[in-house]
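The values are calculated or read from the model by the stated rules, or taken from the named source; none is laboratory data. Keep in mind it's a predicted model, so treat the numbers as computed, not measured. Note: ideal-geometry Cβ built from the backbone for every residue, glycine included; neighbour counts use all protein chains shown. Calculation scope for accessible area: heavy atoms of the full protein, side chains included, ligands and nucleic acids excluded. Shrake-Rupley method; radii C 1.70, N 1.55, O 1.52, S 1.80 Å.
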Amino acid sequence: MRSAKILIIEDEPKVAAFIKKGLEVNAFRTAVAIDGEEGLKEALTGNYNAIVLDINLPLMSGLEVCRQIRKTDVLTPILILTAMGTVADKVSGFNLGGDDYLVKPFDFEELLVRIKALLKRSSAEQTLSNSLFVADLEINSNTKVVKRAGKKIDLTAKEFMLLEYLVKNKGKVLSRADIADKIWDISFDRGTNIIDLYIFYLRKKIDANFSPKLIHTQVGMGYIVKEGSN
């Protein structure tokens, strides 16, 4: 299993480097954004497992970054870093969607414990929410919401059923007969192209503007969802 990927949004080079080095020593993958606008863009498109967010940032404040992230329904855990440690400051951060709060200067071991706790809680919540994941694709079977790279994708009911079935069986080739039986509750008719048509619809929405491609054709056998090429 790949290690968690952490986004560090911090404009002080020494602090960012300190956090980055410490996390990488502990087997985390990291990326750094040095201002609010860059940080927001990365947060919405980078498929991160957690975000370490400074409040005092150029171009856009950390609180505004936090607000914009939550406005788009991205649920990535956010640990707020700041030199301001009053109760009012903390309340503002939590009200805008922050999950935890750490005041500068801080000990790296405390930061590490906080991040691990957020990741553990997030993992438990994802399990409870019955979400499915492949690369940066997320399917919530409870809310019927589909997102790729943090962007919500609108699907019809039948498209959702088909995608959910493919993802639940990721890595497994599903024949047209399998799909016809599970999704349409009919025997597969070789004279119809309805399954191929719905696969085409899904690819336009799920794969066309994203990488890697997830829906693949196994010639003569059927379809498979996986990361990477055929």
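So, of the residues in the stretch 183-204 that are of a type outside the set (A, V, I, L, M, F, W, C) and open to solvent by less than 70 Å² (accessible area, probe 1.4 Å), which turns out to be modelled with the lowest pLDDT?
Taking the stretch 183-204 first, the residues of a type outside the set (A, V, I, L, M, F, W, C) are 185, 187, 189-193, 196, 198, 201, 203-204.
Filter once more, so that each one left must be open to solvent by less than 70 Å² (accessible area, probe 1.4 Å): 192, 196, 198.
Working: Thr192: 71, Asp196: 91, Tyr198: 93.
That would be Thr192.
In the list Ser175, Ser123, Ser141, which residue meets the criterion of being at pLDDT below 90, of a type in the set (S, T, N, Q) and open to solvent by 20 Å² or more (accessible area, probe 1.4 Å)? Write out each step before concluding.
Numbers: Ser175 fails: at pLDDT below 90; Ser141 fails: open to solvent by 20 Å² or more (accessible area, probe 1.4 Å).
Exactly one of Ser175, Ser123, Ser141 is at pLDDT below 90, of a type in the set (S, T, N, Q) and open to solvent by 20 Å² or more (accessible area, probe 1.4 Å), namely Ser123.
Give me the pairs, please: first residue somewhere in the stretch 70-88 and over 16 Å from Ala117 (Cβ atoms) and of a type in the set (S, T, N, Q), second residue anywhere and part of a strand (DSSP E or B) and at pLDDT 75 or above, beta-carbon distance under 7 Å, and either six or more positions apart or on two chains.
If the second residue must be part of a strand (DSSP E or B) and at pLDDT 75 or above, the pairs left are Thr82/Asp54; Thr82/Val103.
Can you tell me which of (1) part of a helix (DSSP H, G or I); (2) surrounded by fewer than 17 Cβ atoms within 10 Å (Cβ to Cβ); (3) of a type in the set (Gly, Ala, Ser) is the one Ala180 doesn't meet?
Unmet for Ala180, out of (1) part of a helix (DSSP H, G or I); (2) surrounded by fewer than 17 Cβ atoms within 10 Å (Cβ to Cβ); (3) of a type in the set (Gly, Ala, Ser): (2).
Somewhere in the stretch 18-30, is a residue more than 20 Å from Ile115 (Cα to Cα), open to solvent by 10 Å² or more (accessible area, probe 1.4 Å) and among the acidic types (Asp, Glu)? Give the steps one after another, and end with the answer.
Here is the first cut: in the stretch 18-30, the ones more than 20 Å from Ile115 (Cα to Cα) are none.
No, every residue in the stretch 18-30 fails to be more than 20 Å from Ile115 (Cα to Cα), open to solvent by 10 Å² or more (accessible area, probe 1.4 Å) and among the acidic types (Asp, Glu).
Output the residue which, of all residues in the stretch 1-17 that are part of a loop (DSSP other than H, G, I, E, B) and under 16 Å from Gly62 (Cβ atoms), is most open to solvent (accessible area, probe 1.4 Å).
Within the stretch 1-17, the first condition is being part of a loop (DSSP other than H, G, I, E, B), and the residues that meet it are 1-4, 10-12.
Retained after the next criterion (residues that are under 16 Å from Gly62 (Cβ atoms)): 10-12.
Values: Glu10: 2, Asp11: 56, Glu12: 85 Å².
The extreme case among them is Glu12.
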